Amino acid sequence: MAAAPGGGHQSMNGTSMATPLMAVRYAPEGLDDHNRARPGSETRVPLWAERNPGAAEAAVTSMRLEMSTGAGWRQVPVVRDGTRWTAVLPNPDRAGFVSLRATASDSSGAGVTQTITRAYAVG
């Protein structure tokens with residue numbers, strides 16, 4: 001396969017096809033205008049996976065979310081609602097940052113692990 005314009009690949013017969021890439025999207029709720037949560041609060045985080053435009057459809061079958069405030073990673077429970085998931089993150093009692101790491105996989109066997117360092121501030 002050769003690289004094709006637009007981020008896809010060209011198959012052996014010359015047709016263009018999209019690379020089946022996924023990215024996890026996050027929409028934290030309750031943050032202020034400076035992307036901060038209150039210490040000791042909880043932050044609700046809806047998340048979902050998006051595909052590269054033109055890629056073949058495949059259902060996302062699992063989503064895992066982990067958080068870190070600087071002392072290692074810990075898994076956060078996620079609840080599925082159709083094609084989206086929601087997590088409720090317990091924010092630390094002191095000022096700092098929360099980093100997020102999501103891992104998603106789909107029915108075609110593709111997957112992604114995505115880390116966002118300092119996804120939002122606390123304080």
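If a spin label sat at a point 7 angstrom from the Cα of Ala18 along the line to its beta carbon, the backbone N atoms of the range 66-108 nearer than 17 Å would be those of 106-108. Placing pseudo-labels 7 Å out from each Cα toward the beta carbon at Ala95 and Glu29 gives an inter-label distance of 2.8 nm. Taking 0.36 nm per residue of separation and subtracting the Cα-Cα distance, full extension of the segment from Ser107 to Glu57 would add 17.1 nm.
For the chain, the extents of the C-alpha atoms along the principal axes are 59, 26, 26 Å, listed from largest to smallest.
Relative contact order of the range 27-122, taken over Cα pairs closer than 8 Å and 6 or more residues apart, is 32 percent.
The numbers here are math on the coordinates, done by the rules we state, and not lab data. Note that the structure is a prediction, hence the values are computed from the model and not measured. Neighbour counts run over all protein chains shown; Cβ positions are idealised from the backbone, glycine included.
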